[in-house]
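Trainee: Mind having a look at this structure? Questions to follow.
Each value in this text was obtained by applying a stated rule to the coordinates, not by laboratory testing. This is a predicted model, so every value here is computed, not measured. Here the Cβ positions follow ideal geometry from the backbone for every residue, glycine too, while neighbour counts run over all protein chains shown.
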């Protein structure tokens, strides 16, 4: 997508100067009318022309930008996540909450839905002035680029969480490559040679990134990589079920599966149970995200901890410490950690 040709909604193009030109008044008059300045002396006809121009152009004053020009203090941070149902995002929110409490700022969490795109939600938040800065998690690569362009053009403080799209200016991300290698190395040490991957969609940035990391990890340990080792699915329980069913049909049979997201792993375990495939006796399974109830599954799930809580906490701290025009492109300071449980077992004969 050529984002430069994209015409953003009114707050992205219409300015007070444009309103003033249409109403044939000075820009200062527009500003004072909007602020209901009691010192302003204009005729009812002039006031009406200004209000008609505002309505015609769809102008929305950016109160957040006005506050930032008068003071660098950030009092309210918005955190945008794709949904509230994925427990991984709850970890990010929790980390951001910890940092917000310590720094005495308000944290507002919003999710996107079928009713709005991430960019539309962001435009509304910025234009309304409800937040002074934004943390953004989730979204496709094209959405990330559009959001980066929109917020950068306004010098609005923002930070992407776990996004590495080419061209974005400000992001804090997890070391997915290291996390995948921990899982693959563990399975290879157990003697597994036919390792499959239930992965996220390559249209999603994290899905593509983790697929590439899996390929690299398989090659690094001396195993032969083939595209058939990867099954793409959505990050959900249903996606994990479908992914397992697809792998179960493939030849040669897998002795181990790396699952790229926790909800998918829950679905894959359930599908294995229904297919009478015993984990780990018949098949070892390991997964991303060491969520709290990984130890409560049957069998308990071997996972790699991605420091999601720390991603939220460190992300909010960076957002408050850095100036809006500073570039941020770095990995979280805490490394991934492997948690060994019942779902992985030796395959040595």
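Trainee: In angstroms, what radius of gyration and Dmax does the stretch 122-211 have, counting Cα atoms only?
Mentor: 17.2, 57
Trainee: Kirkwood-based Rg over Rh for the chain (C-alpha set), two decimals?
Mentor: Values: Rg = 24.7 Å, Rh = 22.4 Å.
Ratio of gyration radius to Kirkwood radius for the chain: 1.10.
Trainee: I've got another one for you. Express the C-alpha Rg of the stretch 283-349 as a ratio against the empirical globular expectation 2.2 N^0.38 Å, rounded to two decimals.
Mentor: On the way: Rg = 16.9 Å, N = 67, 2.2 N^0.38 = 10.9 Å.
With N residues counted in the stretch 283-349, Rg over 2.2 N^0.38 Å equals 1.56.
Trainee: Could I ask something else about it? How do the peptides 190-201, 98-109 rank, highest first, by the average count of neighbouring beta carbon atoms within 10 Å per residue?
Mentor: Numbers: 190-201: 21.2, 98-109: 15.5.
In decreasing order of mean packing, 190-201, 98-109 become 190-201, 98-109.
Trainee: Show that you can apply the helix-only estimate: for the chain, add -39,500 (n - 2.57) for every DSSP H stretch of four or more residues, divide by all residues, and state [θ] at 222 nm to the nearest 500.
Mentor: Values: 13 runs with 153 residues, N = 349.
Helix-only estimate at 222 nm: -13500 deg cm²/dmol.
Trainee: Taking every Cα atom in the stretch 101-161, find the radius of gyration and the maximum pairwise distance Dmax, and write them in Å.
Mentor: Reported Rg and Dmax, both Å: 11.7, 34.
Trainee: Let me ask you something else. With an 8 Å Cα cut-off and a minimum separation of 6 or more residues, compute the relative contact order for the stretch 282-349 in percent.
Mentor: Details: 77 pairs, mean separation 30.2, N = 68.
Across the stretch 282-349, relative contact order equals 44 percent.
Trainee: Sorted by packing (mean other beta-carbon atoms within 10 Å per residue), highest first, where do 18-27, 152-161 land? Could the numbers behind the result be given before it?
Mentor: On the way: 18-27: 16.9, 152-161: 20.6.
So the order, starting with the most tightly packed, is 152-161, 18-27.
Trainee: Treating the angle as unsigned and between 0 and 90°, give the value, to the nearest 10°, between the Cα long axis of helix 118-128 and the longest Cα principal axis of the chain.
Mentor: On a 0 to 90 degree scale, this one is about 30.
Trainee: Still on this model: What is the distance, in nm, between label points placed 7 Å from the Cα along the Cα-to-Cβ direction at residue 193 and at residue 28?
Mentor: Reported label-point gap for residue 193 and residue 28 is 8.3 nm.
Trainee: If you fit an axis through the alpha-carbon atoms of helix 237-249 and take the longest principal axis of the Cα set of the chain, what angle between them do you get, 0 to 90°, nearest 10?
Mentor: Approximately 40 degrees, to the nearest 10.
Trainee: Continuing with this model, one more query. Between residue 224 and residue 322, what is the label-point separation in nm under the 7 Å Cα-to-beta-carbon projection?
Mentor: Label at residue 322, label at residue 224, 4.4 nm between them.
Trainee: Same structure, new question: Can you tell me the 0 to 90 degree angle between the C-alpha axis of helix 308-321 and the longest principal axis of the chain, rounded to 10?
Mentor: With both axes taken from Cα atoms, the answer is about 30 degrees.
Trainee: Which parts of the stretch 303-322 would a label at residue 152 reach, counting a residue when its backbone N lies under 19 Å from a point 7 Å out along Cα-to-Cβ?
Mentor: 319, 322
Trainee: Please tell me the relative contact order of the stretch 176-306 in percent, rounded to the nearest whole number, where contacts are Cα pairs under 8 Å and at least six residues apart. Write out the running numbers ahead of the final one.
Mentor: Details: 228 pairs, mean separation 33.5, N = 131.
Across the stretch 176-306, relative contact order equals 26 percent.
Trainee: OK, next. Below 8 Å between Cα atoms, with a sequence gap of 6+, how large is the relative contact order for the chain in percent? Numbers along the way, then the final one.
Mentor: Values: 632 pairs, mean separation 61.3, N = 349.
About 18 percent, as a whole number.
Trainee: Find the eigenvalues of the gyration tensor of the Cα atoms of the stretch 176-306, then list the square roots of 5 times those eigenvalues as equivalent ellipsoid semi-axes, largest first, in whole angstrom.
Mentor: 19, 16, 15
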